[in-house]
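First up is the structure itself, then whatever we jot down about it.
Read-outs: derived from the displayed coordinates by stated rules, not from any lab. Worth saying up front: this structure is predicted, and the values here are computed from it rather than measured. Using ideal geometry, Cβ is built from the backbone for each residue, glycine included, and neighbour counts are taken over all protein chains shown.
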Amino acid sequence: VSTGADDEPHTGSMRYADTVKPIPAVAIGNHTADMLEKECVKGGVTAQIESDCKMLGTVPSYNVIGEIRGSEYPDKIVLVGGHLDSWDVGEGAHDDGAGCVQSIEVIRALKASGI
């Protein structure tokens, strides 16, 4: 799922409930999806899928959490967050690096205001 004007799919993962028989699923890019849609409108489509994808297991993941407890309303919260991860068609520096920068900017603004 992407709005990019390219043919590079933003892949993800597929999960099934234990009671559901899995079926083959692959991500396709926007150009290929548009072509497939046009062919489907014309009638039946036959496709062959070849994939060498595999699950490589789990690895540790980490969260960074900071807290500034208020003195006047210590039980009230303002939550700010972002994520930084990678996906297979990019180096990951921008997915969602902007959210991380936004979180850092909130800290900067709070410090600048004397909070």
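A few points about this structure:
- Packing, as the average of other Cβ atoms within 10 Å across residues, places the peptides 98-104, 36-42, 56-62 in the order 98-104, 36-42, 56-62, highest first.
- Full extension of the chain segment joining residue 45 with residue 112 gains 18.0 nm, where the gain is 0.36 nm per residue of separation less the Cα-Cα distance.
- Each residue of the stretch 39-53 was assigned a 3J(HN,Hα) from its phi angle through the Karplus expression (A = 6.51, B = -1.76, C = 1.60, θ = phi - 60°), giving 5, 5, 5, 5, x, x, 10, 10, 9, 10, 10, 10, 9, 10, 5 Hz with x at Gly and Pro.
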